[in-house]
Amino acid sequence: MEVNILNINGQETGRKVVLNDAIFGIEPNDHVLYLDVKQYLANQRQGTAKAKERSEHAGSTRKLGRQKGGGGARHGDINSPLLRGGGRVFGPRPRDYRFKLNKKVKALARKSALSYKAQENAILVVEDFNMETPKTKEFVNITKNLKIDGKKMLFLLPEGNNNVYLSARNLQRVEVMQAALLNAYKVLNADVLVMTENSLAQIDGLLNK
């Protein structure tokens, strides 16, 4: 699949790049995508939810009423889960939600996500660019020139660029990240994927193994 290379003014440079079919032209595997997205979201969870159980509440351990004949369920002290303000039965405890996926599975998920974007013609390749100073207005003009303003977009750069990152930080529907950190969730979550030439070459080197 051939894609025209654009400059940051939205104009065609007259050059084209061929997207590798081994990365952008495979049959997407939906189950692998599900697993990778599930892992990514699980890894974002803090896992700090905690509820006090019966033994952790402060309160007397005196038995409040007789065992039988009270007309209600039997219970012991004031910390009983049956009473208001008592402990919680099987409440949440701090835990780690992370789980492991094999490298090949994660690579296949990224290829599947990129293939979906290629099928949707939602991939733009632009010349490598830099910004001398952080300028949000200048970055907004770039998105307007590329005719993608208003869409949820993901910009991939070959390496960290603080000026570009700071220029896009205040924009709600824009995310900038390094190509080496690409994951399936970020690709699927974006309406359009914008890659520089060097970041495309980097992705090709990482996934074409």
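If you place +1 on the Cβ of every Lys and Arg and -1 on the Cβ of every Asp and Glu, how big does the dipole about the Cα centre of the stretch 32-182 come out, in debye to the nearest 20?
Working: 30 positive and 13 negative charges, 277 e Å.
Here the stretch 32-182 has a charge dipole of around 1340 debye.
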With the other protein chains left in place, how much accessible area per residue, in square angstrom, belongs to the chain at a 1.4 angstrom probe?
63
Below 20 Å, Cα to Cα, which aspartates and glutamates can Lys186 reach? Residues fewer than 8 away in the same chain don't count.
Glu27, Asp30, Asp36, Glu120, Asp149, Glu159, Glu175, Glu197, Asp204
Highest mean packing first, using Cβ neighbours within 10 angstrom, the peptides 54-63, 141-150 sort as 141-150, 54-63
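What number results when the radius of gyration of the stretch 127-170, computed over Cα atoms, is divided by 2.2 N^0.38 Å?
Working it through for the stretch 127-170, the quotient is 1.08.
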Whole-number D in µm²/s for the stretch 51-114 (Stokes-Einstein; Kirkwood sum over Cα pairs; 10 °C, 1.306 mPa s)
101
Nearest-20 debye value, the stretch 93-152 charge dipole, Cβ charges on Lys, Arg, Asp, Glu:
720
Using just the helices of the chain, give the 222 nm mean residue ellipticity in deg cm²/dmol: DSSP H runs with n ≥ 4 each add -39,500 (n - 2.57), and the total is spread over all residues, rounded to 500.
-10000 deg cm²/dmol
Be a star and scan the stretch 91-109 for residues whose amide nitrogen sits under 15 Å from the point 7 Å along the Cα-to-Cβ vector of Ile26.
102-109
Qualifying chymotrypsin sites (Phe, Trp or Tyr not before Pro) for the stretch 98-170 [loop in DSSP, other Cβ within 10 Å: at most 16]
Phe99, Phe129
Give the residue list of GluC sites (Glu not before Pro) in the stretch 66-142 that are DSSP loop and have at most 12 other beta-carbon atoms within 10 angstrom.
Glu120, Glu132
Amide H to amide H, which residues 5 or more places from Val126 or on other chains are under 5 Å from it, using H placed in the peptide plane?
Leu6, Met195, Thr196, Glu197
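Helix check for the chain. Which DSSP H runs span at least 20 Å along their own axis by Cα, with a mean Kyte-Doolittle hydropathy no less than -0.5?
30-44
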So for the stretch 1-152, Kirkwood radius off the Cα pairs, Stokes-Einstein at 37 °C and 0.692 mPa s: how many µm² s⁻¹?
152
The percentage of the accessible area of the chain (probe 1.4 Å, all protein chains present) made up of carbon and sulfur atoms, to the nearest whole number, is 47
Based on the Cβ-Cβ distance of Arg169 and Phe90, what FRET efficiency does E = 1/(1 + (r/R0)^6) give at R0 = 45 Å, to the nearest 0.05?
0.60
Excluding Thr196 itself, what net charge comes from residues whose Cβ is under 12 Å from its Cβ, given Lys and Arg +1 and Asp and Glu -1?
-4
Please list the non-local residues whose amide H lies under 5 Å from the amide H of Leu157, H modeled 1.01 Å from N, same-chain partners needing a gap of 5 or more.
Met177, Gln178, Ala179
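The values are calculated or read from the model by the stated rules, or taken from the named source; none is laboratory data. Predicted model only: the values in this text are computed from it and were never measured. Cβ: placed from backbone, ideal geometry, glycine included. Neighbour counts: every protein chain shown. Surface areas here come from the heavy atoms of the whole protein model, side chains and all, with no ligands, DNA or RNA. Shrake-Rupley method; radii C 1.70, N 1.55, O 1.52, S 1.80 Å.
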